[in-house]
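**Q** Sharing a structure below in structure tokens format, with a few things to ask.
The values are calculated or read from the model by the stated rules, or taken from the named source; none is laboratory data. Treat the numbers as computed from the prediction; the structure is a model and nothing was measured. Note that each Cβ is placed from the backbone with ideal geometry, even for glycine, and that neighbours are counted across all protein chains shown.
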Amino acid sequence: MNAAPQHLDQPVSDFIRKDFAQLQESMTARQALDAVREEGIGEKIVYFYVVDEEKRLVGVLPTRRLLTAALDHRIGDLMIKRIIAIPQTATLLEACEFFVLHKFFAFPVVDAGRRILGLIDVGVFTEEVFDIAEREQHEDVFETIGFHVAQVRGAGPFKAFRYRFPWLLATIGSGTACALLASVFALTLAQSLVIAFFLTLVLGLGESVSIQSMAVTIQALHATRPTLRWYAETLRREVATALLLGAACGLLVATIVWFWIGVGWPAVVIGASIWTSLVMACVLGLSIPSLLHALRLDPKIAAGPLTLAFADLLTLLFYLSIASWLLRPA
């Protein structure tokens, strides 16, 4: 789990608003409304806070209750006496926990003598939630490519190099293997240049689908304890999805090839290769994170480079093998 941002440990008093309305316990509703008109209220008034003669917090009065009360009713009789207040010694993180636990729109922040220093409203909480979600999303992006962003934030060149380079070796290794594999099928590529033209497209589709499946699997592993039964059920869904994706993408690209060059076999080769490689990519995107999790390794860190490496190799192997088989001279 990601560590809490450092500013969440700051005192909640650094984030309070001062534009809050206080009412005297002894006032009537008419006197309270007159006081509000004379003194004004803040921008976001949800509750009125009731104090005694010594300015100590004794109750809270929702705005609706004040506006609908009979004018001669005493504020002390209208107020809610059960108060949930945040002490000034609390941190911003502890204040956010109040919003989660109690579901109020605002809380008063009080000193040791129960005197109100200010209030903190739900806007602060929602901003923190969105900020944390955005940070976690950014962290997930970096983890997908092979390292924690916290490892390289503010690091010197050599330290950053030490964390980032090892995972690039997977890309270098798979790229070299793909080049060697392509050299084995050099004659096939020479016989049909259109196969070479669409090589990048086929590899890109395989990588995209494998990363999609990997991301879904990693999210599932956060909340699920993987078992063989879970893997089998998930694999069935992924393969069914992959068959539909492969059929749609393969048919579309094959149609483009057909209209472009007017020859059927290259279109069949490319369409069939896309269909096969996308099914394989989905299986890899599910299987590699699941295997890493079973081996007690961090699937978020290692899965991205490994999945892409294997997806490239197998996609190229299927693509060139199908082309060599279907386009060989009679």
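**Q** In the range 213-258, what residues are modelled with pLDDT under 85, within 30 Å of residue 270 (Cα to Cα) and within 27 Å of the chain's Cα centre (by Cα)?
**A** 213, 214, 215, 216, 217
**Q** A further question follows. Within the bounds of the range 238-257, is there any residue that is of a type in the set (Asp, Glu), surrounded by 13 or more Cβ atoms within 10 Å (Cβ to Cβ) and in a helix (DSSP H, G or I)?
**A** Within the range 238-257 (the criterion being of a type in the set (Asp, Glu), surrounded by 13 or more Cβ atoms within 10 Å (Cβ to Cβ) and in a helix (DSSP H, G or I)), the answer is yes, since at least one residue qualifies.
**Q** All but one of (1) surrounded by fewer than 15 Cβ atoms within 10 Å (Cβ to Cβ); (2) over 13 Å from residue 25 (Cβ atoms); (3) within 44 Å of the chain's Cα centre (by Cα) hold for residue 80; which doesn't?
**A** (2)
**Q** Given the criteria assigned by TED's automatic domain parsing to the domain that holds residue 309, modelled with pLDDT under 80 and farther than 20 Å from residue 295 by Cβ, does residue 185 qualify?
**A** So residue 185 fits the description; yes.
This table checks each residue for (1) closer than 30 Å to residue 72 by Cβ; (2) at pLDDT 85 or above; (3) assigned to a helix (DSSP H, G or I).
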residue	(1), (2), (3)
1	no, no, no
4	no, no, no
13	no, no, yes
20	yes, no, no
23	yes, yes, no
30	yes, yes, yes
36	yes, no, yes
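**Q** Follow-up question, since we're still on this one. If I ask for residues that are buried (at least 24 other Cβ atoms within 10 Å of the Cβ) and either more than 15 Å from residue 316 (Cβ to Cβ) or of a type in the set (Val, Ile, Thr) (or both), which ones from the range 267-281 would you list?
**A** Answer for the range 267-281, where residues must be buried (at least 24 other Cβ atoms within 10 Å of the Cβ) and either more than 15 Å from residue 316 (Cβ to Cβ) or of a type in the set (Val, Ile, Thr) (or both): 269, 270, 274.
**Q** Let me ask something else about it. Which one of these is farther than 30 Å from residue 316 by Cβ, at pLDDT below 70 and exposed (fewer than 14 other Cβ atoms within 10 Å of the Cβ): 125, 158?
**A** After applying the criteria, what remains is 158.
**Q** Now for a different question. Looking at the range 194-212, can you tell me whether even one residue there is surrounded by 15 or more Cβ atoms within 10 Å (Cβ to Cβ) and in contact with a Gly (Cβ under 6 Å, 6 or more places away or on another chain)?
**A** Yes: the range 194-212 contains one or more residues that are surrounded by 15 or more Cβ atoms within 10 Å (Cβ to Cβ) and in contact with a Gly (Cβ under 6 Å, 6 or more places away or on another chain).
**Q** Does residue 75 qualify as being β-branched (Val, Ile, Thr), out of contact with any His (no Cβ under 6 Å at 6 or more places or on another chain), buried (at least 16 other Cβ atoms within 10 Å of the Cβ) and over 13 Å from residue 23 (Cβ atoms)?
**A** Against the criterion (β-branched (Val, Ile, Thr), out of contact with any His (no Cβ under 6 Å at 6 or more places or on another chain), buried (at least 16 other Cβ atoms within 10 Å of the Cβ) and over 13 Å from residue 23 (Cβ atoms)), residue 75 does not qualify.
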